[in-house]
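Below: one structure, written as structure tokens.
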Amino acid sequence: MREIVVMAVLSMAYAVIYIGGVGAWGIFNAIFGPIGTDIVYGIWFMSAVTSMYIIRKPGCAFLGEMMAAMSEVLLGTPVGVTMLIGAAIQGASSELAFTITGYKKYNTFVLILAGIFPSLGTFLYSYIMYGFSHLPVKMVVMMLIIRVISGGLIGGYGGKMVADTLASTGSLNTFSLGRERRIKING
């Protein structure tokens, strides 16, 4: 039960961040065009990474992302309920990084992969939904590269940093991440 409560609290916090991200998305899009949106895209992968890194149980990345998306809808996201499709892709893609390690590795590399995989999944979805095939190939490749970097850095590494910061307060001592941190500190 405590895992669900922690995911719910994280998800609500991320929903607020995600709604703010929509504004950033608009600004970057206005300045850089379609490539600009991919600069901040990794923001939307953070809940999945943070939830899994803290709780470390199969399905947490997917559930954490879906809970954040549902909270975002409840808060009145300007994107609307269709973003739940994107959230499902993001959560499932992030989950894949942990699945391939057998849910046994939660190091920085795996967490960055958990941010990169949804970049790939959402890019394919965006390519189909938004007609990226009509864009110049160089632009599409650049958009993909930028989204992958954003996913790895903001989604993966950023999600890790949020969880590590929370763990440093002692508030996660009863979770795997908190126990792991105590062992590293106490030797």
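The values are calculated or read from the model by the stated rules, or taken from the named source; none is laboratory data. These figures come from a predicted structure and were not determined experimentally. Note: ideal-geometry Cβ built from the backbone for every residue, glycine included; neighbour counts use all protein chains shown. These accessible areas exclude ligands, DNA and RNA; they are computed on the full protein's heavy atoms, side chains included. Shrake-Rupley method; radii C 1.70, N 1.55, O 1.52, S 1.80 Å.
Summary of values
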| item | result |
| --- | --- |
| Residue within segment 115-122 that is under 19 Å from the mean Cα position of the chain (by Cα), more than 22 Å from residue 15 (Cβ to Cβ) and in contact (Cβ under 8 Å) with a residue 12 or more places away in the chain present | yes |
| Complete set of residues in segment 26-57 that are open to solvent by 10 Å² or more (accessible area, probe 1.4 Å) and more than 16 Å from the chain's Cα centre (by Cα) | 26, 27, 28, 29, 30, 31, 32, 33, 34, 35, 57 |
| Scan of segment 20-51 for residues that are over 21 Å from residue 138 (Cβ atoms) and of a type in the set (Ser, Thr, Tyr), ordered by number | 47, 50, 51 |
| Residue that is nearest to the chain's Cα centre (by Cα), among those in segment 58-91 that are at pLDDT 95 or above and not in a helix (DSSP H, G or I) | 59 |
| Restricting segment 151-172 to residues that are of a type outside the set (Val, Ile, Thr) and not in a helix (DSSP H, G or I), the residue that is surrounded by the fewest Cβ atoms within 10 Å (Cβ to Cβ) | 170 |
| Inter-residue pairs, beta-carbon under 6 Å, first farther than 12 Å from residue 108 by Cβ and in segment 149-176, second open to solvent by less than 10 Å² (accessible area, probe 1.4 Å) and of a type in the set (Ser, Thr, Tyr), 6+ apart | 151/119; 162/50 |
| Set 125, 106: member being at negative phi and either part of a loop (DSSP other than H, G, I, E, B) or more than 18 Å from the chain's Cα centre (by Cα) (or both) | 106 |
| Long-range neighbours under 8 Å by Cβ, at least six apart or interchain, first residue farther than 16 Å from residue 15 by Cβ within segment 34-50, second part of a loop (DSSP other than H, G, I, E, B) and hydrophobic (A, V, I, L, M, F, W, C) | 34/135 |
| Checking residue 119 against (1) within 20 Å of residue 47 (Cα to Cα); (2) surrounded by fewer than 22 Cβ atoms within 10 Å (Cβ to Cβ); (3) hydroxyl-bearing (Ser, Thr, Tyr), the condition it does not meet | (2) |
| Selection count where residues are on the phi > 0 side of the Ramachandran plot and either assigned to a helix (DSSP H, G or I) or surrounded by 13 or more Cβ atoms within 10 Å (Cβ to Cβ) (or both), scope segment 130-150 | 0 |
| Residues within segment 15-25 that are exposed (fewer than 13 other Cβ atoms within 10 Å of the Cβ) and under 16 Å from residue 155 (Cβ atoms), tallied | 1 |
| Given (1) open to solvent by 30 Å² or more (accessible area, probe 1.4 Å); (2) under 24 Å from residue 139 (Cα atoms); (3) more than 11 Å from the chain's Cα centre (by Cα), number of the condition residue 12 does not satisfy | (2) |
| Condition check for residue 92: under 12 Å from residue 48 (Cα atoms) and open to solvent by 40 Å² or more (accessible area, probe 1.4 Å) | yes |
